[in-house]
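S.K.: Right, I'll just put the structure down here and ask away after.
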Amino acid sequence: MATPFSEILKKYRPAFEKVKVLDATLREGEQTPGVSFTIDQKLEIAKKLDELGVHMIEAGHPAVAPDVYEAVRRISWMKKEGEIRAEIIAHSRAVKSDIDKAAETEPDRIAIFYGVSDIHLKAKHRKTREEALSVIGEMVEYAKSYGVKVRFTAEDASRADLAYLEEVVRTARDAGADRVSLADTVGVLTPWTAQRFFEHMTKAVPNVEYDIHAHNDLGMALASAFGAVMGGATAVHVTVNGLGERVGIVPLQLFAVAVKVHFDLEIIKLSGLMEITRMVERYSGIEVPYNMPVVGDYAFLHKAGVHVAGILADPRTYEAFPPELIGRSRDYVIDKYTGKKAVKAKLEKLGIRVDDDTLMKILEEIKKSKLKFLTDDTLISIAERVSGRALRPRATENIEAVVWIKVDSNAFTSSVARKLSVVDGVKEVAEVTGDYDLLVRVEAPDHKVLNAILDSIRGTKGIVGTHTQIVLKKMEK
Ligand SMILES: [Zn+2]
């Protein structure tokens, strides 16, 4: 995104090119108040994250509970079976029994955390700085003896004594940790201090990779993560929808889109972001706020007449990036602020064309209405009343749809095709090349049946993605 000062960002592009995304939805995300995923939901989320191209998945803290243990074990298996490519991480306190449990789940990496600020040392661990150093060194070495990769997380690193933190990182590195996560546990970093912090640490203690784990208590997490990468961090911890303890950490979707907008880099597959947003909303029971950037309902919803007129002339007037980037579309609020152009655009979006005269009458009706927010349905009703025409699409009958299917690279396309050919409602199955592997033609008497057919297609083993297009047929009068 070009601004007069965006040149200064250019030199940081290589840092963002190689930055790794660590998703902690299954670990940190489950620490959100009220959130508890089932094992199956965790496997599904892990699979989806891997499809998006997330580099590391923090799958859980096995010592916490038997079902967490089981989920981490199964996700590690999926990795071994080649169903997942991302590195799988198990979380652990700096305690032998925790590390044993983590190792039993056979992850690629064990991540050991320990509070290193004086506040944490005193209140939580009741250890002197020296005692803590020996615990950290010993436990990293112990985890390492299992033959796994080890990350050390310096909890509350942003409030720790800097010289002591250097000693901590040196100790962890020398004991065998190849990554160290510097946690901004209460979210007190800012983009500038985060950058300076990581510049300092990468210089003071080199030969180890640094992660940034930034909490969002002051709404700074995403910005601090940017600063940290500019300062030398090579991995950013995120969660889907920004879930996590209290108000959470960096939202995956926002980090990915911000990197795309500022550096034109697609570090993970942006087209899959809305799907995982909805999946995690469903499984966590926490809906993203309407006004959440990127994924919120209002992210591309324009209201004031002046704004809508601008958008219709050139969407860049009021959009930092096009909604299509993440598979969304823009929309317009229809209420008393609405102008003629917005109503026209909105009606066209609904497939309704009216003459200028009718349009003006519809607008008058809208201005008179006391409603705060006109739904599409209300707008159509007004249009019908004013024009005296039936504009509502009839409930469609005899629907025909084409479903594009992506087959798991480990499954045989022809065997998936065979399974699909016997699904009720499937009329034709063809193998294709390109972005998708199979094309299926479906016929259904109505929407309900169509949904059932699509569900059984999606539930067929070996299918990793579908895209459905309804074939529009002439509507009945
Ligand atoms: Zn955290």
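S.K.: Take the range 243-257 and flag every residue that is more than 13 Å from Gly187 (Cβ to Cβ) and either away from the ligand (no atom under 14 Å from the Cβ) or not in a loop (DSSP other than H, G, I, E, B) (or both).
M.R.: Pro251, Leu252, Gln253, Leu254, Phe255, Ala256, Val257
S.K.: Which of the residues belonging to the range 77-112 are among the hydrophobic types (A, V, I, L, M, F, W, C) and not in a strand (DSSP E or B)?
M.R.: Residues satisfying the conditions are Trp77, Met78, Ile84, Ala86, Ala94, Val95, Ile99, Ala102, Ala103.
S.K.: Here's something else I'd like to know. Report, by residue number, each residue of the range 20-39 that is surrounded by fewer than 21 Cβ atoms within 10 Å (Cβ to Cβ) and in contact with a helix residue (DSSP H, G or I) (Cβ under 9 Å, 6 or more places away or on another chain).
M.R.: Correct list: Gly34, Val35, Ser36, Thr38, Ile39.
S.K.: Consider the range 1-20. How many of its residues are part of a helix (DSSP H, G or I) and among the aliphatic types (A, V, I, L, M)?
M.R.: Number satisfying all stated conditions: 3.
S.K.: Next question. If you check every pair at least six apart or on different chains, which have Cβ atoms under 9 Å apart with a residue in the range 1-27 that is in the same structural domain as Lys260 (by TED's automatic domain parsing) first and a residue that is within 16 Å of the ligand (Cβ to nearest atom) and among the acidic types (Asp, Glu) second?
M.R.: Matching pairs, first to second residue: Lys20/Asp211; Leu22/Glu58; Leu22/Asp211; Asp23/Glu58; Ala24/Glu58; Thr25/Glu58; Leu26/Glu58; Arg27/Glu58.
S.K.: Follow-up question, since we're still on this one. So Phe373 passes all but one of these: (1) in contact (Cβ under 8 Å) with a residue 40 or more places away in the chain; (2) in a loop (DSSP other than H, G, I, E, B); (3) out of contact with any Asp or Glu (no Cβ under 7 Å at 6 or more places or on another chain). Which condition number does it fail?
M.R.: (3)
S.K.: Can I ask one more? When you go through (1) crowded, with 17+ Cβ neighbours inside 10 Å; (2) in contact (Cβ under 8 Å) with a residue 60 or more places away in the chain one by one for Gly53, which number turns out not to apply?
M.R.: Only one criterion in (1) crowded, with 17+ Cβ neighbours inside 10 Å; (2) in contact (Cβ under 8 Å) with a residue 60 or more places away in the chain is unmet by Gly53, namely (1).
S.K.: Within the range 130-170, restricting attention to residues that are of a type in the set (Gly, Ala, Ser) and in contact (Cβ under 8 Å) with a residue 24 or more places away in the chain, which residue is farthest from Ser224 (Cα to Cα)?
M.R.: Among residues in the range 130-170 that are of a type in the set (Gly, Ala, Ser) and in contact (Cβ under 8 Å) with a residue 24 or more places away in the chain, the one farthest from Ser224 (Cα to Cα) is Ala143.
S.K.: For the range 390-431, which residues satisfy the criterion of being part of a loop (DSSP other than H, G, I, E, B), loosely packed, with under 12 Cβ neighbours inside 10 Å and at pLDDT 85 or above?
M.R.: Those that are part of a loop (DSSP other than H, G, I, E, B), loosely packed, with under 12 Cβ neighbours inside 10 Å and at pLDDT 85 or above: Phe412, Val422, Asp424.
S.K.: Identify the residue in the range 178-226 that is away from the ligand (no atom under 16 Å from the Cβ) and within 21 Å of Leu121 (Cα to Cα) and, among all such residues, is nearest to the chain's Cα centre (by Cα).
M.R.: The residue in question is Phe197.
S.K.: Filter the range 326-362 down to residues that are surrounded by fewer than 17 Cβ atoms within 10 Å (Cβ to Cβ), part of a loop (DSSP other than H, G, I, E, B) and among the basic types (Lys, Arg) and give me whichever is modelled with the highest pLDDT.
M.R.: This residue is Arg328.
S.K.: Just a yes or no: is a residue in the range 107-115 touching a strand residue (DSSP E or B) at 6+ places or on another chain (Cβ under 7 Å) and among the charged types (D, E, K, R)?
M.R.: The answer is yes; a qualifying residue exists.
S.K.: Quick one: in the range 440-475, of everything that is in contact with a strand residue (DSSP E or B) (Cβ under 6 Å, 6 or more places away or on another chain) and polar (S, T, N, Q), which residue is modelled with the highest pLDDT?
M.R.: Thr466
S.K.: Residue check, Val422 against (1) in contact with a helix residue (DSSP H, G or I) (Cβ under 9 Å, 6 or more places away or on another chain); (2) free of Cβ contacts under 8 Å to residues at least 24 places away in the same chain; (3) of a type in the set (A, V, I, L, M, F, W, C), all met but one. Which one?
M.R.: Condition not satisfied by Val422: (1).
S.K.: Look through the range 52-76, keep the residues that are under 16 Å from the mean Cα position of the chain (by Cα) and not in a helix (DSSP H, G or I), and return whichever of them is farthest from Lys149 (Cα to Cα).
M.R.: Taking the candidates together, the pick is Gly53.
S.K.: While we're on this one: With respect to Glu281, is the statement that it is part of a helix (DSSP H, G or I), over 10 Å from the mean Cα position of the chain (by Cα), of a type in the set (Asp, Glu) and modelled with pLDDT of 95 or more true?
M.R.: yes
S.K.: Only one of (1) more than 16 Å from the ligand (Cβ to nearest atom); (2) among the aromatic types (Phe, Trp, Tyr); (3) surrounded by 16 or more Cβ atoms within 10 Å (Cβ to Cβ) is not met by Tyr290, so which one is it?
M.R.: Unmet condition: (3).
S.K.: I've got another one for you. Just to check your reading of the model, which residue among Leu43, Leu49, Leu9 is of a type in the set (A, V, I, L, M, F, W, C) and either within 12 Å of the chain's Cα centre (by Cα) or under 18 Å from Leu270 (Cβ atoms) (or both)?
M.R.: So the residue among Leu43, Leu49, Leu9 that is of a type in the set (A, V, I, L, M, F, W, C) and either within 12 Å of the chain's Cα centre (by Cα) or under 18 Å from Leu270 (Cβ atoms) (or both) is Leu49.
S.K.: Something else about it: Give the residue, chosen from Leu49, Leu43, Leu22, Leu26, that is within 24 Å of Leu222 (Cα to Cα) and more than 16 Å from the ligand (Cβ to nearest atom).
M.R.: Criteria check complete, one pass: Leu49.
S.K.: I need the full set of residues from the range 259-278 which are within 30 Å of Pro4 (Cβ to Cβ) and either outside the structural domain of Gly244 (by TED's automatic domain parsing) or part of a loop (DSSP other than H, G, I, E, B) (or both), in order please.
M.R.: Listed by number, the residues that qualify are Asp264, Leu265, Glu266, Ile267, Ile268.
S.K.: Shifting gears a bit: Give the residue that is nearest to the ligand (Cβ to nearest atom), with candidates limited to residues of the range 29-40 that are under 15 Å from Tyr69 (Cβ atoms) and of a type in the set (Ser, Thr, Tyr).
M.R.: Residue satisfying both the conditions and the ranking: Ser36.
The values are calculated or read from the model by the stated rules, or taken from the named source; none is laboratory data. Predicted, not measured: the structure shown is a model, and the values here were computed from it. Positions of Cβ are backbone-derived with ideal geometry, glycine not excepted, and every protein chain shown enters the neighbour counts.
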